[in-house]
Amino acid sequence: MLKIVSDLVQHLEEAGIQYCHWKSNEHLDTAVFGDTDLDILGLFDFPAHRTIKGKGIIVALVGADGSGKSTQVKALRRRLEAKVDVVTLYMGLGAGLGSIIRTPLDLLKKAMIPLLGHSASDSTESRPNKVQGVEERLRNFGNILWSIVLAWEKQAKLKRASRARKRGKIVICDRYPQTTIAGQNDGPLLSEYERCDNALLRMLARYEKACYTVSDQTAPDLVIKLIGDPDVLSNRRPEMQKERIIKNQAGIKAVQFPDSTRVVEIDADKSVDEVTALIMSAIGNKLLSMYNQNNFD
């Protein structure tokens, strides 16, 4: 098994693909046969070679579109990975990296739009009610299936973040699941079915909510709320309506996290470098407080 992986690593190196680092074949062998995540692009989550003593931390960046979450995740990784192992996870439902199951569902969803949709010139009267009913049921089924797969994906990523933290890594998350507000800001999508008459739909809605629920084991250590002027954010993302940005930011401010999580609000209107510096300072303060707490406990 070790030779197979070594050959694979050599092939990746020849192809110029970045994948992972390790200290020795012993660590590589442990990774293959031990408690290791299989990642679609990362291939293997090998044991850390530069870790924080004790345990690492999970840092979650939340904010409306245009607040700079993805930009900051990349900037923080560049700043931190020279000193410690860093894991970055996309927790949203948009264009970020999805799971091996959700990716084909996204493609199928796009392919079905022309089939189930109809142009603005088509009148609903010209289409039989029976056909409209079938289309609506197909849409609902597809949305429910997609939501369940997304929930499973979020739960898997929460577990991966928790394992990486135990190994002494810094985990930086673009968005984070929450159950304070349903239907937006990375909250559950099937909450409307929690009290419906259909037992199966109720069960699926409750399963989804359980996947989104943050426990003591998966709670982030630090949450950075990037809050900016709606006019500034809408200028950065012209395709987003200002009203939606205002609504999303109100939701982000309202989202609650466990008491163990430190929440820091940062002005997203500042320059990229300024915001990065403020987040780095917050990470440093959190690590220092954890270090002091461990020494005095």
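With 0.36 nm allotted per residue and the present C-alpha distance subtracted, the K166-D259 stretch has 31.5 nm of extension available. Residues whose amide H lies under 5 Å from that of G168, counting only those 5 or more places away or on a different chain, are G56; hydrogens are built 1.01 Å from N in the peptide plane. Averaged over residues, the count of other Cβ atoms within 10 Å places the peptides 63-74, 201-212 in the sequence 63-74, 201-212, highest first. Each of Q217 and I246 was given a label point 7 Å from its Cα along the Cα-to-Cβ line. The distance between the two points is 4.3 nm. Figure the gain on full extension for S271 and N140 (residue separation times 0.36 nm, minus the Cα-Cα span) and round it to one decimal in nm. This chain segment gains 43.0 nm when fully extended. Descending by average beta-carbon neighbour count within 10 Å, the peptides 166-172, 146-152 line up as 166-172, 146-152, the highest first.
Give the calculated FRET efficiency between S281 and A82 to the nearest 0.05, with a Förster radius of 22 Å applied to their Cβ-Cβ distance. For R0 = 22 Å, the calculated efficiency reads 0.80.
Taking 7 Å steps out from each Cα toward its Cβ at K159 and D197 produces label points 3.7 nm apart.
Can you compute the FRET efficiency between R237 and K53 using 1/(1 + (r/R0)^6), with r the Cβ-Cβ distance and R0 = 25 Å? Round to the nearest 0.05. Between R237 and K53 the formula returns 0.05.
Taking a ≥ b ≥ c as the square roots of the eigenvalues of the alpha carbon gyration tensor, the range 149-287 is oblate, as a/c is not under 1.5 and a/b does not beat b/c.
The numbers here are math on the coordinates, done by the rules we state, and not lab data. In this text the structure is predicted, and so the values were computed from the model without any measurement. Please note: Cβ atoms are built from the backbone with ideal geometry, for glycine as well, and neighbour counts cover all protein chains shown.
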